[in-house]
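First, the structure itself, so that you have it in front of you.
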Amino acid sequence: MKRMKKLWIILVLVYIVTGAASSALGCYAVVVGKGASADGSVLFGHNEQNGGRRMTNFRRIPRMKHAPGEVVTLRRGGTLPEVEETYAFLWSEMPGLEFCDAYMNEWGVAVASDGCPTREDSYEALVARGDIADGGIGYMLRRLIVQRARTAREGVRIAGALLDRFGYCDSGRTLTIADPNEAWLLAIVRGKHWVAQRVPDDGVVLLPNVHIISEIDLSDSTHFMGAPDIVGYAIERGWFDPAKGEPFRFNAAYNRSMPEGGDPRQWRGQCLVTGQAIAYPVTNPLPFSVRPDHKLTVKDIAAILRYHGPTGTLCGAWTQEAAVFQLRSALPPQIGCVYWRNTAEPCCGVLTPWYAGITETPETYYKPSDVREALTLSHHFDPPAGTFDDDPDLAWWTFKTLQDLVNKDYPNAIKEVRAAWDDFEEQAFARQPEIEKEVLGLFSKDPDSARVLLTKYSKDLALRAVELSDRMIREFRSESSGEN
C-alpha cells in the first residue's frame, strides 16, 4: 500500500502541475455508434476516477410524482419548477463529490461526465458580469437530464436550456449522453457557452479530460447543437482570429491547454480501437472519432477501460467505477438497456449486468437511507457519519479491499484475479441471450413478473460476485500469512 500511496502522490502532483491538460489522472469514456457495435447497440464505457477516500452507492430510484408549485433547488441556491413526474433511474452515487455521479434511466438514457478545464474566467468574474446566474448549475445537471429526458437528443436540449439559464459553475466538462439510437458529447465551458456533437453511427469516440470537439456547424442540427454565440464569443475574447483564414475549432479556442503531441489517452484509445500503431506524439490533431477494426462488444469496451501500458494508461487505483452501458433499440428499454458495472478498479474487478427494468438493487450495494432523503443535496454533500468507513457488509468495500490486496503484488496477483473474473464474465455474457429471451416472452403477458425475473437475475449475479471477491480476499490473506 505504501507503493500505491507514493504513486498516488506523484500523479496528483502531475495533475496539479499540468492543470489536467494531460489527462493522466481523470475520467475516461469510450462511445460507440450503433453501426460500430456487434449487436447494433450504442455502447458507452466510462471510468470514473477520483482521488481521496471514497465509496460508491448504487441503487434504483423509482418514478416520483411532484406537487404543483414544487421546485428543484440547485446547490448554490438557484431554483426551477419541478415536473409533474420524474422518470425512474439507476444511480451510481459518489457521496460528497459534485461532478462524478453516473445514471441510466428507464428509457435507456445514460449520462456520465469527464472534467475538461477551459480557459474561461473565474467563477466570481462570471457571476459579476451575469454569465452565471443564481449561483449556476453543476451537480444537478446530469440528474435533471435522466429525470426528464426520453432520448439523448432531448437530454442535450434540456441541458442546453439549463446552461443558457443558469450558466455552468465548474471550469469545464464534457457530458456523454447516450440512448439506444444515438450518443452525444456535450462540451461545456464555465458560464453559458456549450456545444454538442453527435457520435457518428459508424464511429467510436475516445474521450479523455480535454475537450475533443473541433470544427462545428450549428446550422447542421442533426449533428450539432450549441450556444449561438460560441464562435463570436471566442473572437471577442481573442481566442479565435478569423482573419487567419483557418476554420473555427472549438477545442483549440476553449481548452485551457492541450498536451503537445496530443492527449496520450485519446491516442491510446484510438490505437486500441483501430488496431493501428499510431506514432506518438502525433503531428496532426487526433480526429473526433475513428472507425474500429472490428464491430465492438461490451467485452471489447471493458478491455479498453482496463488497459495498462507505458503510455496512455486508462485504468488506475483511483477508479471508483467502470461502466459499460449497452443500449439496444431492438428490445424494450427495460430489457434492451443494460448498465454493466465494475465496482472500483476495473482490471481487478468484474462487470455485472443491471437492467433498466429492475425494481431494486441489493442492500449491500448502498448505505441504507430513505430514498427521498438520499436525493437531497444535504445528504449527498454532507453524508452521514461513517459513510467512508470500511464496512465489510457493503459491496464497495469488498471490491475495494480485493483491489488493494492485488496492488500489493500486482504482477502476480492480477493473473489469478483476472482469470476468475474473466470466467465469471464469460458465463454472464453466454447466459445473456437465454435470460433475455425468457424475460421477453413473459414481458408482453405479465410485465411485472418479467421485471421480478430481471431483478432476481441481476441481484443474484451481483451477490455471487461479492461472494467470489470475499473468497479471493480470504485466499490472499491466507497466503500472505503463510497459512496452508
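The values are calculated or read from the model by the stated rules, or taken from the named source; none is laboratory data. The model shown is predicted, which means the values in this text are computed figures rather than measured ones. Because the Cβ atoms are built from the backbone with ideal geometry, glycine has one as well, and the counts that use them run over all protein chains shown. Accessible surface is based on the protein model in full, side chains and every heavy atom, while ligands, DNA and RNA are left aside. Shrake-Rupley method; radii C 1.70, N 1.55, O 1.52, S 1.80 Å.
Only one of THR387, THR361, THR401 is modelled with pLDDT of 95 or more, surrounded by fewer than 24 Cβ atoms within 10 Å (Cβ to Cβ) and over 17 Å from ARG53 (Cα atoms). Can you tell me which?
Only one candidate qualifies: THR361.
Of all residues in the stretch 137-154, which are open to solvent by less than 30 Å² (accessible area, probe 1.4 Å) and not hydroxyl-bearing (Ser, Thr, Tyr)?
Correct list: ILE137, GLY138, MET140, LEU141, ARG142, ARG143, LEU144, ILE145, VAL146, GLN147, ALA149, ALA152.
Just for the stretch 277-297: of the residues that are touching a residue at least 40 places away in the same chain (Cβ under 8 Å) and over 16 Å from ASP202 (Cα atoms), which one is least open to solvent (accessible area, probe 1.4 Å)?
LEU286
Ok, one more. Mind listing just one residue for me: the one in the stretch 185-204 that is touching a strand residue (DSSP E or B) at 6+ places or on another chain (Cβ under 6 Å) and open to solvent by 10 Å² or more (accessible area, probe 1.4 Å) and, of those, farthest from VAL156 (Cα to Cα)?
ARG190
Does the stretch 257-274 hold any residues that are modelled with pLDDT of 95 or more and either open to solvent by 60 Å² or more (accessible area, probe 1.4 Å) or touching a His at 6+ places or on another chain (Cβ under 6 Å) (or both), and which are they?
LEU272
Still on this structure, please answer the following. Give ARG431, ARG464, ARG418, ARG451 a once-over and let me know the one that is at pLDDT 95 or above, in contact with a Cys (Cβ under 9 Å, 6 or more places away or on another chain) and part of a helix (DSSP H, G or I).
Exactly one of ARG431, ARG464, ARG418, ARG451 is at pLDDT 95 or above, in contact with a Cys (Cβ under 9 Å, 6 or more places away or on another chain) and part of a helix (DSSP H, G or I), namely ARG418.
Anything in the stretch 62-94 that is farther than 17 Å from ALA161 by Cβ, in a strand (DSSP E or B) and not basic (Lys, Arg)? List them, or say none.
MET64, THR73, GLU85, PHE89, LEU90, TRP91, SER92, GLU93
Yes/no per residue for (1) in contact (Cβ under 8 Å) with a residue 24 or more places away in the chain; (2) open to solvent by less than 30 Å² (accessible area, probe 1.4 Å); (3) more than 22 Å from ARG328 (Cα to Cα):
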residue	(1), (2), (3)
GLN427	no, no, no
PRO433	no, no, no
LEU442	no, no, no
SER449	no, no, no
LEU454	yes, yes, no
GLU467	no, no, yes
PHE476	yes, yes, yes
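Against the definition (without any contact (Cβ under 8 Å) to a residue 24 or more places away in the chain, out of contact with any Ser or Thr (no Cβ under 8 Å at 6 or more places or on another chain) and within 21 Å of HIS46 (Cα to Cα)), how does THR274 come out, yes or no?
Yes.
If GLY238 meets every condition in (1) closer than 20 Å to TRP267 by Cα; (2) open to solvent by 50 Å² or more (accessible area, probe 1.4 Å) apart from one, which number is that one?
(1)
Let me ask something else about it. Can you find a residue that is at pLDDT below 95, in contact with a helix residue (DSSP H, G or I) (Cβ under 9 Å, 6 or more places away or on another chain) and open to solvent by less than 70 Å² (accessible area, probe 1.4 Å) anywhere in the stretch 29-51?
Yes: the stretch 29-51 contains one or more residues that are at pLDDT below 95, in contact with a helix residue (DSSP H, G or I) (Cβ under 9 Å, 6 or more places away or on another chain) and open to solvent by less than 70 Å² (accessible area, probe 1.4 Å).
Pick out, from the stretch 241-359, the strands (runs of 3 or more DSSP E) lying fully within it that include 1 or more residues that are among the aliphatic types (A, V, I, L, M).
319-327, 337-343
Something else: Inspect all residues belonging to the stretch 69-90 and state whether any of them is over 29 Å from LEU327 (Cβ atoms) and either open to solvent by less than 50 Å² (accessible area, probe 1.4 Å) or within 14 Å of the chain's Cα centre (by Cα) (or both).
Yes: the stretch 69-90 contains one or more residues that are over 29 Å from LEU327 (Cβ atoms) and either open to solvent by less than 50 Å² (accessible area, probe 1.4 Å) or within 14 Å of the chain's Cα centre (by Cα) (or both).
Still on this structure, I have one more. Of the numbered conditions (1) modelled with pLDDT of 95 or more; (2) outside any helix (DSSP H, G or I), PRO392 fails exactly one; give the number of that condition.
(1)
Then there is this: Could you tell me which numbered condition ASP134 fails, if it satisfies all but one of (1) closer than 24 Å to ASP370 by Cβ; (2) open to solvent by 10 Å² or more (accessible area, probe 1.4 Å); (3) among the acidic types (Asp, Glu)?
Failed condition: (1).
Same structure again: I'd like to check something: does the stretch 294-306 contain any residue that is within 21 Å of ILE177 (Cβ to Cβ) and over 20 Å from the mean Cα position of the chain (by Cα)?
The answer is no, given that none of the residues of the stretch 294-306 is within 21 Å of ILE177 (Cβ to Cβ) and over 20 Å from the mean Cα position of the chain (by Cα).
Looking only at the stretch 58-68, which residues are surrounded by 13 or more Cβ atoms within 10 Å (Cβ to Cβ), over 26 Å from GLY136 (Cα atoms) and either free of Cβ contacts under 8 Å to residues at least 60 places away in the same chain or not aromatic (Phe, Trp, Tyr) (or both)?
Hits for the stretch 58-68 are ARG59, ARG60.
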